[in-house]
1. For residues that are assigned to a loop (DSSP other than H, G, I, E, B) and under 19 Å from L85 (Cα atoms), scanning just segment 115-136, find the one that is farthest from the chain's Cα centre (by Cα).
2. Those residues that are farther than 17 Å from E23 by Cα, touching an Asp or Glu at 6+ places or on another chain (Cβ under 7 Å) and in a helix (DSSP H, G or I), I need them from segment 45-73; list them, please.
3. If I filter segment 1-36 down to residues being open to solvent by less than 30 Å² (accessible area, probe 1.4 Å) and without any contact (Cβ under 8 Å) to a residue 40 or more places away in the chain, which single residue comes out as nearest to the chain's Cα centre (by Cα)?
4. Here is a check on your reading of the model: is R48 touching a helix residue (DSSP H, G or I) at 6+ places or on another chain (Cβ under 9 Å), among the basic types (K, R), more than 30 Å from L132 (Cβ to Cβ) and surrounded by 12 or more Cβ atoms within 10 Å (Cβ to Cβ)?
5. Given the conditions (1) over 29 Å from F116 (Cα atoms); (2) basic (K, R); (3) open to solvent by 50 Å² or more (accessible area, probe 1.4 Å), and given that K69 satisfies all but one, which numbered condition is not satisfied?
6. Please find, within segment 77-130, the residue that is nearest to D7 (Cα to Cα) out of those that are among the small types (G, A, S) and open to solvent by less than 50 Å² (accessible area, probe 1.4 Å).
Amino acid sequence: STQPWIDMRYAEILLNRAEAAIEMYIGGHSISGVDLQKDAFDCINDIRDRAGAVLLNNTSEVNIEVVRKERKKELAFENKTWWDLRRWRIADTELNQRIFYVLHPYYVKENGKYVFLRRLDERNSRYNFNVLWYYEAIPSSEINKNPNLLPNNPGY
């Protein structure tokens, strides 16, 4: 492959499965012969076991917050968080009026090491997420093909 990165790892597949299973379990849906909460539990423990992390003890410990936190930890530096927040429809509450931290690297010559200082962004800029961003505009070329798609998504 000429692709220089891995787009999806097995851990993400397990996280997707755990998220789908727990969402279905919470929504009262079922699949015959499958304990959805146990399925989510097994997926999370498979990921934790591979990482050498503490395993969950029983299925009652698995809920949507546990699955989302596990996803944030496992995929922290893989540019998935933005899309997760949008999919979960919590980006506006998580991001609005937020000031992000930045890391300032300094090289200490005497020690031959870098030191990273964590500070609030000096620009003091606050991030805002517009709820319209949960949606994308329906392209006009598609609306021309099918006028029943009107009205377009809110705000477009």
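1. R126
2. I47
3. Taking the candidates together, the pick is L14.
4. Numbers: touching a helix residue (DSSP H, G or I) at 6+ places or on another chain (Cβ under 9 Å): yes; among the basic types (K, R): yes; more than 30 Å from L132 (Cβ to Cβ): yes; surrounded by 12 or more Cβ atoms within 10 Å (Cβ to Cβ): yes.
It is true that R48 is touching a helix residue (DSSP H, G or I) at 6+ places or on another chain (Cβ under 9 Å), among the basic types (K, R), more than 30 Å from L132 (Cβ to Cβ) and surrounded by 12 or more Cβ atoms within 10 Å (Cβ to Cβ).
5. Going through (1) over 29 Å from F116 (Cα atoms); (2) basic (K, R); (3) open to solvent by 50 Å² or more (accessible area, probe 1.4 Å) one by one, K69 breaks only (1).
6. Taking segment 77-130 and keeping what is among the small types (G, A, S), we get 91, 112, 125.
Pick out the ones that are also open to solvent by less than 50 Å² (accessible area, probe 1.4 Å) and you get 91, 112.
Numbers: A91: 23, G112: 35 Å.
Among residues in segment 77-130 that are among the small types (G, A, S) and open to solvent by less than 50 Å² (accessible area, probe 1.4 Å), the one nearest to D7 (Cα to Cα) is A91.
The values are calculated or read from the model by the stated rules, or taken from the named source; none is laboratory data. Given the structure is predicted, the values throughout are model-derived calculations rather than measurements. Cβ sites come from the backbone with ideal geometry, for glycine too, and all protein chains shown count toward neighbours. All accessible areas refer to the heavy atoms of the entire protein, side chains included, with ligands and DNA or RNA removed. Shrake-Rupley method; radii C 1.70, N 1.55, O 1.52, S 1.80 Å.
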